[in-house]
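Enquirer: I'd like to ask you about the structure that follows.
No value in this document is a laboratory result; all are computed from the given coordinates. Computed from a prediction, not measured in an experiment: that's the story for all the values here. Cβ atoms come from the backbone with ideal geometry, glycine included; neighbour counts cover every protein chain shown.
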Amino acid sequence: MSQEIMFSFIIVVGLYIGVKISKGVFNKLSKVKQVSQKRVYYIEKVFEVLFMSVSIILLLFVWSVDIKSVALFASSFFAIIGVALFAQWSILSNITASVIIFFNFPAKIGDTIRIVDGDNGVEGEIHEISLFQMELIDSNGNMIFYPNNLILQKPVMKVQQKR
């Protein structure tokens with residue numbers, strides 16, 4: 001068996017094992033932090049894309065693909081994507097913020113929070129945390145959709161429930 005096939009097999013098996021281990025870690029973490037399976041699914045998909053990208057890069061090196069050709073293709077591709085996403089940069093920042101919120105946000109679904117934004121502050125119970133926004137229900141029963149990237153930019157207070 002050639003070295004390229006052996007290393008390719010190792011990379012594919014490593015990808016499979018890495019995805020399975022990360023899913024297990026995310027599921028355990030979700031039980032500890034009491035987050036919904038929907039949020040775990042989003043985070044799993046983000047990391048699957050990351051693992052897949054690293055695996056493809058490793059396979060390109062193993063099979064000695066001409067790096068200059070790949071670099072030319074990749075730079076052209078990313079230039080087009082960059083121009084397309086420049087106007088929509090908030091999409092990427094919301095996805096990144098969603099990952100940060102998953103790992104390091106002190107409130108969970110069911111908690112009441114106040115987002116301090118001068119006279120435009122928002123207070124409500126967290127109903128859902130999705131890939132792009134946090135859904136809050138205010139005291140009047142109105143649904144408020146607040147972008148994840150803004151959650152990280154504003155002070156957030158966890159409101160203690162009156163007993």
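Enquirer: Under a crude label model (7 Å from the Cα following the beta-carbon direction), how far is residue 79 from residue 3 in nanometres?
Expert: So the two model labels end up 3.5 nm from each other.
Enquirer: A further question follows. Tell me which residues come under 5 Å, amide H to amide H, from residue 117 once H is placed; ignore anything under 5 positions away on its chain.
Expert: When sequence neighbours closer than 5 places are left aside, the close amide H contacts are 122.
Enquirer: Explain nothing, just the number: dipole magnitude of the chain about its Cα centre with +1 on each Lys and Arg Cβ and -1 on each Asp and Glu Cβ, in debye rounded to the nearest 20.
Expert: Numbers: 15 positive and 12 negative charges, 122 e Å.
Taking the Cα centre of the chain as origin, the dipole is about 580 debye.
Enquirer: Cα extents of the range 1-152 along the three principal axes, largest first, in whole Å?
Expert: 67, 38, 18
Enquirer: Quick check: the angle from helix 37-62's long axis to the longest principal axis of the chain, C-alpha only, nearest 10 degrees?
Expert: Between helix and principal axis, roughly 20 degrees.
Enquirer: For the chain, modelled as a Gaussian network with Cα springs under 10 Å, which listed residue fluctuates most, 19, 70, 40?
Expert: Of 19, 70, 40, the most mobile in the Gaussian network model is 70.
Enquirer: Quick one: angle between helix 3-33 and the longest Cα principal axis of the chain, in degrees between 0 and 90, rounded to 10, please.
Expert: On a 0 to 90 degree scale, this one is about 10.
Enquirer: Taking 0.36 nm per residue of separation and subtracting the Cα-Cα distance, what length does fully extending residue 20 through residue 46 add? Walk me through the numbers before you get to the answer.
Expert: Numbers: separation 26, 0.36 × 26 = 9.36 nm, distance 1.38 nm.
Length gained between residue 20 and residue 46: 8.0 nm.
Enquirer: If each of residue 159 and residue 100 carries a label point 7 Å out from its Cα toward its Cβ, how far apart are those two points in nm?
Expert: It is 2.4 nm.
Enquirer: Any idea what angle helix 67-86 forms with the longest principal axis of the chain, computed on alpha-carbon atoms, 0 to 90 degrees, nearest 10?
Expert: That helix lies at roughly 20 degrees to the long axis.
Enquirer: May I ask you to order 24-31, 148-155 by the average number of other C-beta atoms within 10 Å around their residues, highest value first?
Expert: 148-155, 24-31
Enquirer: From the square roots a ≥ b ≥ c of the eigenvalues of the alpha-carbon gyration tensor of the range 106-159, which class results: rounded (a/c under 1.5), prolate (a/b over b/c), or oblate? Don't skip to the end; give the middle numbers.
Expert: On the way: a/c = 1.29, a/b = 1.05, b/c = 1.23.
Rounded shape, in that the Cα axes give a/c under 1.5.
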